[in-house]
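A quick write-up on the structure given underneath.
The values are calculated or read from the model by the stated rules, or taken from the named source; none is laboratory data. As the structure is a computational prediction, the values presented were derived from the model and not from experiment. Cβ coordinates were reconstructed from backbone atoms using ideal geometry, including for glycine residues, and neighbour counts include every protein chain displayed.
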Amino acid sequence: MRREFADRDDLIAYLRAEFPNAAATDDNVAETRGGRAAAEARLRQIEPQRYGKSRNFLTGAVTKLSPYLRYGVLSLAEVRDLVVGATREIESIAKLVQELAWRDYWQRLYAQMGDGIWKDQEPYKTGFQARQYANDLPDDIRDGTTGMVCIDSFSNDMRTHGWLHNHARMWLAAYLVHWRRVRWQAGAHWFLQHLLDGDPASNNLSWQWVASTFSHKPYFFNRENLEKYTDGVYCRQCPLYGHCDLEGSYEAIEADLFPNAQQRNTTERVPRRARRAN
Amino acid sequence: MANTIVWVHGDCLDPHGPALAAHPGAPAIWVWDDALLAEWRLSLKRIVFIYESLLELPVVIRRGDVATQLRRFADEQGATTIATAQSPSPRFAALSRELRHTHTVEVLPVAPFLAYQGTIDLKRFSRYWATAERYVFDKTAQS
Ligand SMILES: Cc1cc2nc3c(=O)[nH]c(=O)nc-3n(C[C@H](O)[C@H](O)[C@H](O)COP(=O)(O)OP(=O)(O)OC[C@H]3O[C@@H](n4cnc5c(N)ncnc54)[C@H](O)[C@@H]3O)c2cc1C
């Protein structure tokens, strides 16, 4: 195949013609550039200290290194070396190193599981059986037409940019699996079509973590949580504000979403409420 | 005529990756896996990102059935060895197995995130981290 192109547009036009099915799936091209030079430029911009304090916020200092790590344009080891080597205060960069470790962890599991990564690793802890979940991705989520500004924005952003903040991925995944009761595999497949960092290990196992087929309990959230970590950018413009499906306390939402789940004692509720973004 | 070709795949698009580094100047190839593209229905943006990464590597870019294309390229170059970087993907494992019927396959490790060779409990991240934490911040273990 060709290697010489006048510019990026020339390359894109060539790829559209060579891979018409990919263009038919979705014709967007992300602004994120591939290649080692772009990866190194991104690496020079990371802020490991600020990362630890802000990573759960959509405007936080996340690195956006994921597409480069996924394709091994950069190795986890070199990013780790750079981050650890640049400070004496390990505490201040520990959070970023731990997130890199999540990737290593999922990769190790993938090496063990192989294609089993598509199978539920454990039963759902939601009070529902796997067969009670729908198989297909609902059109309104895929097309970003649910009417919920947050969910529609996440869907559109993923299709346009090929990247979503971790918290947005968690919310979108939880909404699909728990509110719409769709099998996580449908969402995982959809993410892999679009995410530049799409990788069966990190993706499928994160979906399983949200779904509870690879964790002790389902991940869910409420409007307050989303509003806090997004600085309200979606809620402020949402016509459903005050009466959307995400309203209510964690207890109320839990009772609503998982009416058949085993009653948990109150000590278990506390960590659940505070469940961190992984 | 080269004895070795380098197979570049989607888990290592680093120009300093282990296979390219071990065989500087060896003919190198990337193959678009048409079956995989059809199965996963990847969108265009993912293909553009990979292609841009490939353009910075000294590779010939082809498409089709991966094993067939790799064998053909090795034959064209008169190579008996196919060198490549390690990958956890089951498709990679299957392809390597298949190629071993006709060629020597040299799988080179990428720099490890953890300088630790022992077994690690992977049941939950917390258990993995309990071990990983002890090695991951060790500056003396840097690669
Ligand atoms: C439902 C769902 C699907 C996901 N799918 C993918 C995927 O296909 N590919 C992927 O790389 N990540 C995936 N993640 C993990 C995480 O969301 C992304 O790695 C992260 O958002 C990428 O942005 P960043 O590079 O700015 O991350 P940062 O927060 O800056 O982290 C730095 C790097 O650490 C790694 N990392 C951070 N968090 C995680 C995590 N939870 N799991 C694994 N690696 C992590 C990534 O390589 C990332 O580039 C998924 C998470 C969820 C909840």
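Taking segment B:70-120 on its own, how many of its residues are in contact (Cβ under 8 Å) with a residue 60 or more places away in the chain and away from every other protein chain (no Cβ under 14 Å)?
So the count comes out to 10.
Out of A:Asn21, A:Asn28, which single residue is over 20 Å from the mean Cα position of the chain (by Cα) and either hydroxyl-bearing (Ser, Thr, Tyr) or within 13 Å of chain B (Cβ to nearest Cβ) (or both)?
A:Asn21
At pLDDT 95 or above, of a type in the set (Lys, Arg) and either closer than 30 Å to A:Val29 by Cα or more than 20 Å from the chain's Cα centre (by Cα) (or both): which single residue out of B:Arg46, B:Arg124, B:Arg97 fits that description?
Among B:Arg46, B:Arg124, B:Arg97, only B:Arg46 is at pLDDT 95 or above, of a type in the set (Lys, Arg) and either closer than 30 Å to A:Val29 by Cα or more than 20 Å from the chain's Cα centre (by Cα) (or both).
Taking segment A:189-208 as the region of interest, how many residues are more than 7 Å from the ligand (Cβ to nearest atom), in contact (Cβ under 8 Å) with a residue 60 or more places away in the chain and part of a helix (DSSP H, G or I)?
Number of matching residues: 7.
Residue check, A:Leu65 against (1) of a type outside the set (S, T, N, Q); (2) within 27 Å of B:Arg127 (Cα to Cα); (3) in contact with a Leu (Cβ under 9 Å, 6 or more places away or on another chain); (4) within 10 Å of chain B (Cβ to nearest Cβ), all met but one. Which one?
Of the numbered conditions (1) of a type outside the set (S, T, N, Q); (2) within 27 Å of B:Arg127 (Cα to Cα); (3) in contact with a Leu (Cβ under 9 Å, 6 or more places away or on another chain); (4) within 10 Å of chain B (Cβ to nearest Cβ), the odd one out for A:Leu65 is (4).
Take segment A:62-103 and flag every residue that is among the hydrophobic types (A, V, I, L, M, F, W, C), touching a residue at least 40 places away in the same chain (Cβ under 8 Å), part of a helix (DSSP H, G or I) and near the ligand (Cβ under 9 Å from one of its atoms).
Hits for segment A:62-103 are A:Leu69, A:Leu96, A:Trp102.
Please work out which residue is surrounded by the most Cβ atoms within 10 Å (Cβ to Cβ), limiting yourself to segment A:217-258 and to residues that are of a type in the set (Val, Ile, Thr) and out of contact with any helix residue (DSSP H, G or I) (no Cβ under 8 Å at 6 or more places or on another chain).
A:Ile253
Do you know which residues across segment A:121-175 are away from chain B (no Cβ under 14 Å), within 16 Å of the ligand (Cβ to nearest atom) and of a type in the set (Phe, Trp, Tyr)?
A:Tyr124, A:Tyr133, A:Phe154, A:Trp171, A:Tyr175
In segment B:59-69, which residues are within 10 Å of another protein chain (Cβ to nearest Cβ) and not β-branched (Val, Ile, Thr)?
Correct list: B:Arg62, B:Arg63.
Given segment B:1-91, what helices (runs of 4 or more DSSP H) lie entirely inside it while holding 2 or more residues that are in contact with a Leu (Cβ under 8 Å, 6 or more places away or on another chain) and surrounded by 20 or more Cβ atoms within 10 Å (Cβ to Cβ)?
Fully inside segment B:1-91 and qualifying: B:18-22, B:44-54, B:66-77.
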